[in-house]
Amino acid sequence: MSISSAHEFHYRTALGPLSRTAALLTLVGVMALLLADIEIISPEPGLELTRMGLGLLSPRIPDQYVFVEALLNTLSFAFQAMALATLIGFLLSLVYRLAVVRAFCAFIRGIHELFWALIFLQVMGLSTLTGVLALAIPYAGILAKIFGELFEEVSPQPRNNLLVADHISAFFYTTLPLAWRSLCAYCSYRFECMVRSSVILGFVGLPTLGFYLESALREGRYQEGAALLYVLLLLIATLRFWLRRALLPVYLLAAFLLLPPVVEVSWDGAWRFFTVDIVPAPLRNNSQAQLWSWLTLLWQQQLQPGVINTLILGMAALLVTAMFALLCFPLNSPHFVRGWSRRFGDAFLIIGRTLPEYLLAFVGLIVLGPSMLPALLALALHNGTIVAHLVGRFSESLSLRQDAVRGVNLYFYEVLPRMFRQFLALLLYRWEVIMRESAILGMLGFATLGFYIDSAFEEFRFDRAALLIICSALLNMLADALARYWRRRLHLNTTPETL
Amino acid sequence: MRLLTVLAALLTSLTFSFSTVAEGFRFTAIPDQDESQLQARFGKVARYLERELGVPVTYVPVKSYAAAVTAFRNNQVQLAWFGGLSGVKARDLVSGSRAIAQGYEDQFFKTYLIAHHSSGLLGQSTGDKFPKAIQGKTFTFGSKGSTSGRLMPEFYVRKHLGQAPDKAFDRVGFSGDHSRTIALVQSGAYAVGAVNYKVWERALADGKIDRNKVDVIWQTPAYPDYQWSVRGDVDQRFGAGFADRIQSVLLAIDDPELLEAFPRQSFVKADNDDYRPIRDTAVTIGLIDG
């Protein structure tokens with residue numbers, strides 16, 4: 001081997017990991033796209049789309065009473081769940097150093113709030129606590145992780161300079177105040193997500209906006225659907241005006257009075273669910289010998305196809321999300337658009353971000369028919385706009401030379417390469433979310449894990465549902481761990497409060 | 001001042017409450033078709049029951065067949081309008097519960113297989129014979145837990161095509177309810193669908209169906225379907241003989257407007273044994289463990 005080629009070799013490996021990771025993800029994404037079932041099945045998508053468009057232009061509220069009630073319910077669930085999640089998340093974050101706590105948090109946030117809702121519907125029926133717990137548990141897992149990581153990142157200097165202090169005082173006088181701002185910023189962002197999740201709970205029967213949104217869209221009453229959609233957008237767009245710290249206790253009190261978190265179901269039922277219903281049928285019937293064939297059948301008929309389809313959808317969606325974000329981030333970047341056009345560009349990105357994937361996929365299903373295409377587009381639109389919005393905003397900090405090139409050259413030779421590291425970091429953060437959502441979208445009929453979980457609940461086979469849900473959580477934990485590994489290895493840092 | 005406004009808003013909002021927290025007698029129904037129709041139908045039923053039974057009666061709308069069964073199981077509703085299969089499941093889960101009334105037509109209910117004109121299946125009547133030409137087409141059931149939209153059509157597909165639906169068809173979907181099944185097959189998103197014959201005839205009468213686009217190609221043999229089921233413990237809670245009173249009140253419905261909402265010509269007595277064939281069929285195709 002000559003000296004020069006050895007140099008070259010060294011040079012390549014030094015650049016390697018980042019592009020290799022990107023290339024690997026692209027390759028897997030392309031393979032997933034090839035395997036995915038993405039045809040347009042509806043023969044006349046244009047007709048339905050026109051009707052939807054007309055509906056969007058002429059929103060109508062048929063029953064104001066129902067409307068206001070649904071709105072208040074949506075907010076009440078969100079406030080109560082956020083309070084509970086913050087409390088539990090905070091307590092867990094104090095011991096987040098422990099591997100077992102980290103694993104526990106990853107597990108509870110690996111299960112989507114709709115799956116939690118299906119579980120609690122069995123245990124506590126259509127009650128307030130069902131909605132609150134379904135939202136609070138996964139969010140507690142998310143908040144514990146973010147709080148824990150924020151505490152780790154706080155500068156250790158002030159703490160080390162304390163002369164005498166026990167752990168508790170040190171935490172409250174140094175770590176917590178230093179992390180406080182980020183903590184609050186993150187919580188207010190999470191509350192926005194919580195409102196969206198609360199709306200989506202309506203799709204399984206809780207009395208939030210989603211309950212009426214689902215019926216309106218399914219029955220083609222698009223004027224009503226549009227009105228509900230605008231309320232959701234308005235609610236989130238005006239969040240920073242009405243979500244004031246001083247008013248929080250008032251809101252919370254109102255939420256508790258409006259929907260008291262009471263359960264009116266016997267605890268025997270709950271006990272039976274956890275001790276009998278979710279025990280695998282062969283064990284319940286004392287025929288241990290059949291456990292293996294029960295598992296094999298479940299694996300062959302549901303688990304294996306469910307996991308494979310979830311992976312296919314997730315990986316294909318990750319690639320399309322990436323492409324979409326790369327295409328769209330200039331809409332919010334001062335290096336490409338200015339003034340009103342940037343404001344419009346960013347408004348588009350924010351609207352995309354505000355519409356939950358589940359809702360987008362539901363609409364897509366009506367227009368495009370039941371292939372994986374609507375799910376893929378919904379995931380790409382929602383997550384792509386989030387990533388694009390943030391990459392665009394981060395690109396503000398790039399300072400360009402006076403004589404920098406413009407347009408396409410600027411994009412490909414300067415801005416994109418300089419933003420790529422941050423872009424990849426954001427994308428890897430979104431990966432876990434995309435996997436979670438890929439599984440849940442199955443509830444709409446795509447053949448991912450959610451489809452089989454929904455079927456198991458419909459058939460009252462909670463033992464199957466439990467096993468499938470655990471598997472979907474494990475899949476998420478795997479994606480999370482892999483993303484974390486890559487971020488560490490590639491030295492990708494982003495401030496977590498932005499996600 | 002602002003605080004006062006908020007508090008005032010809060011107090012007025014207290015008048016709203018979560019429907020299921022309300023006390024009194026509650027019932028639900030499987031969401032087998034357009035929700036707006038269900039609201040209209042069961043709103044009338046609630047007012048009728050309230051008048052006849054002398055207790056406050058609330059209709060609790062739910063989003064899935066399973067949710068209706070769960071509400072019954074958890075005693076959040078005491079009475080329900082179930083399909084054949086959901087009724088069997090619900091009564092399996094609540095001991096002492098019983099079927100008390102069914103529609104006259106529910107004694108010999110049937111499922112229509114409907115097809116889109118592009119499938120080439122329209123107009124070639126096979127009479128009573130199962131149209132085997134549907135093999136390899138796309139096919140949509142109704143809800144996963146439906147009797148007329150899932151259980152019976154799947155049974156006959158397996159019987160005549162000798163395969164599970166996902167093997168026999170190019171693509172299998174679950175539309176969620178009968179109205180949606182009709183819409184999906186009418187638009188051509190699926191070539192063939194299985195639909196409750198009553199919902200089909202209602203949609204036909206309402207002018208929602210273009211028979212040049214979608215039409216019936218086959219009907220199943222008769223089977224027992226929808227019924228009112230009541231929990232066994234209502235007598236304890238609402239007084240002795242309450243279940244029997246509900247039964248006689250339901251059987252006495254003769255208001256044409258109310259019957260038309262279902263649509264059934266009248267209600268007749270039913271008991272749990274009437275649904276044994278449904279249970280056996282569900283066990284046969286593996287929807288219930290024997």
Original post:
in contact with a Leu (Cβ under 9 Å, 6 or more places away or on another chain) and assigned to a helix (DSSP H, G or I) - does that describe any residue in the range B:184-192?
Top reply: yes
- Message: Against the condition touching a residue at least 24 places away in the same chain (Cβ under 8 Å), surrounded by 24 or more Cβ atoms within 10 Å (Cβ to Cβ) and out of contact with any strand residue (DSSP E or B) (no Cβ under 7 Å at 6 or more places or on another chain), how does B:SER146 come out, does it pass?
- Response: yes
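Quick check: anything in the range A:50-58 within 24 Å of the chain's Cα centre (by Cα), of a type in the set (A, V, I, L, M, F, W, C) and either on the phi < 0 side of the Ramachandran plot or more than 14 Å from chain B (Cβ to nearest Cβ) (or both)?
Of the residues in the range A:50-58, the ones within 24 Å of the chain's Cα centre (by Cα) are none.
Taking every residue of the range A:50-58 in turn, none turns out to be within 24 Å of the chain's Cα centre (by Cα), of a type in the set (A, V, I, L, M, F, W, C) and either on the phi < 0 side of the Ramachandran plot or more than 14 Å from chain B (Cβ to nearest Cβ) (or both).
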Scanning the range B:33-64 for residues that are in a helix (DSSP H, G or I), out of contact with any helix residue (DSSP H, G or I) (no Cβ under 7 Å at 6 or more places or on another chain) and open to solvent by 30 Å² or more (accessible area, probe 1.4 Å), the one farthest from the other protein chains (Cβ to nearest Cβ) turns out to be B:ARG51
Within the range A:342-358, residues surrounded by 23 or more Cβ atoms within 10 Å (Cβ to Cβ) and either touching a Gly at 6+ places or on another chain (Cβ under 8 Å) or of a type in the set (Gly, Ala, Ser) (or both) come out as A:LEU349
Selection from the range B:263-290 of residues within 14 Å of chain A (Cβ to nearest Cβ), open to solvent by 60 Å² or more (accessible area, probe 1.4 Å) and within 20 Å of B:SER143 (Cα to Cα) yields B:ARG279, B:ASP289
Being buried (at least 19 other Cβ atoms within 10 Å of the Cβ), farther than 26 Å from A:GLU214 by Cβ, touching a Pro at 6+ places or on another chain (Cβ under 9 Å) and modelled with pLDDT of 95 or more narrows B:VAL157, B:VAL192 down to just B:VAL157
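So if I check each of A:LEU234, A:LEU298, A:LEU257, which one is surrounded by 15 or more Cβ atoms within 10 Å (Cβ to Cβ) and in a helix (DSSP H, G or I)? Working first, answer last.
On the way: A:LEU234 fails: surrounded by 15 or more Cβ atoms within 10 Å (Cβ to Cβ); A:LEU257 fails: surrounded by 15 or more Cβ atoms within 10 Å (Cβ to Cβ).
The unique qualifying residue is A:LEU298.
Quick check on my filter: what residues within the range B:65-94 are out of contact with any helix residue (DSSP H, G or I) (no Cβ under 7 Å at 6 or more places or on another chain) and away from chain A (no Cβ under 12 Å)? Let's see the steps before the verdict.
If we filter the range B:65-94 for residues that are out of contact with any helix residue (DSSP H, G or I) (no Cβ under 7 Å at 6 or more places or on another chain), which is where we start, we get B:71, B:75, B:81, B:92.
Selection gives B:TRP81 alone.
Please state which one of A:ASP463, A:ASP403 is closer than 30 Å to B:ALA66 by Cα, surrounded by fewer than 22 Cβ atoms within 10 Å (Cβ to Cβ) and either among the acidic types (Asp, Glu) or over 23 Å from the mean Cα position of the chain (by Cα) (or both). Spell out the reasoning first.
On the way: A:ASP403 fails: closer than 30 Å to B:ALA66 by Cα.
Of A:ASP463, A:ASP403, the one residue that is closer than 30 Å to B:ALA66 by Cα, surrounded by fewer than 22 Cβ atoms within 10 Å (Cβ to Cβ) and either among the acidic types (Asp, Glu) or over 23 Å from the mean Cα position of the chain (by Cα) (or both) is A:ASP463.
Taking strands (runs of 3 or more DSSP E) that fall entirely within the range B:65-134, which contain at least 2 residues that are more than 30 Å from B:GLN163 (Cβ to Cβ)? Please lay out each step first, then the result.
Working: elements: B:79-82, B:98-103, B:111-116.
Ranges flagged: B:79-82, B:98-103.
So that you can scan it fast, the table gives a plain yes or no per residue for (1) open to solvent by less than 30 Å² (accessible area, probe 1.4 Å); (2) of a type in the set (A, V, I, L, M); (3) over 25 Å from A:LEU243 (Cα atoms):
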residue	(1), (2), (3)
A:SER42	yes, no, yes
A:PRO62	no, no, yes
A:VAL101	yes, yes, yes
A:GLY125	yes, no, yes
A:LEU133	no, yes, no
Query raised in the report: Is the range A:263-275 home to any residue that is closer than 30 Å to A:TYR452 by Cα, buried (at least 17 other Cβ atoms within 10 Å of the Cβ) and away from chain B (no Cβ under 11 Å)?
Result: no
Per the filter on the range B:160-177, residues more than 12 Å from chain A (Cβ to nearest Cβ) and crowded, with 17+ Cβ neighbours inside 10 Å are B:LEU161, B:PRO165, B:ALA168, B:PHE169
Result of the Cβ filter at 6 Å on the range A:194-214, keeping first residues that are in contact (Cβ under 8 Å) with a residue 24 or more places away in the chain and partners that are among the polar types (S, T, N, Q) and in a helix (DSSP H, G or I), at least 6 apart or interchain, is A:SER198/A:THR74; A:VAL199/A:THR74; A:PRO207/A:ASN73; A:THR208/A:ASN73; A:THR208/A:THR74; A:THR208/A:SER198; A:LEU209/A:THR74
Just checking, does the range B:74-87 include any residue being touching a residue at least 60 places away in the same chain (Cβ under 8 Å), among the hydroxyl-bearing types (Ser, Thr, Tyr) and open to solvent by 10 Å² or more (accessible area, probe 1.4 Å)? no
Is it fair to say A:ILE119 is part of a helix (DSSP H, G or I) and open to solvent by 20 Å² or more (accessible area, probe 1.4 Å)? yes
Within the range A:466-496, restricting to residues that are within 19 Å of the chain's Cα centre (by Cα) and of a type in the set (Lys, Arg), the one that is least open to solvent (accessible area, probe 1.4 Å) is A:ARG487
Expected output for the range A:91-112 (first residue outside the structural domain of A:PHE172 (by TED's automatic domain parsing), partner at pLDDT below 95 and open to solvent by 70 Å² or more (accessible area, probe 1.4 Å), Cβ below 9 Å, 6+ apart or cross-chain) is none
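Would you say A:VAL387 is within 18 Å of the chain's Cα centre (by Cα) and among the β-branched types (Val, Ile, Thr)?
Details: within 18 Å of the chain's Cα centre (by Cα): yes; among the β-branched types (Val, Ile, Thr): yes.
Yes.
Restricting to the range A:158-175, and then to whatever is among the β-branched types (Val, Ile, Thr) and surrounded by 14 or more Cβ atoms within 10 Å (Cβ to Cβ), can you tell me which residue is farthest from A:VAL95 (Cα to Cα)?
If we filter the range A:158-175 for residues that are among the β-branched types (Val, Ile, Thr), which is where we start, we get A:164, A:168, A:174-175.
Still in the running and surrounded by 14 or more Cβ atoms within 10 Å (Cβ to Cβ): A:174-175.
On the way: A:THR174: 17, A:THR175: 14 Å.
My answer is A:THR174.
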Among residues of the range A:64-91 being within 12 Å of another protein chain (Cβ to nearest Cβ) and aromatic (Phe, Trp, Tyr), the residue least open to solvent (accessible area, probe 1.4 Å) is A:PHE77
Evaluate the range B:2-15: report whether one residue or more is surrounded by 14 or more Cβ atoms within 10 Å (Cβ to Cβ) and modelled with pLDDT of 50 or more. no
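The values are calculated or read from the model by the stated rules, or taken from the named source; none is laboratory data. As the structure is a computational prediction, the values presented were derived from the model and not from experiment. Here Cβ is always computed from backbone atoms with ideal geometry, including for glycine, and neighbour counts include all displayed protein chains. Only protein heavy atoms, including side chains, enter the accessible area calculation; ligands, DNA and RNA are left aside. Shrake-Rupley method; radii C 1.70, N 1.55, O 1.52, S 1.80 Å.
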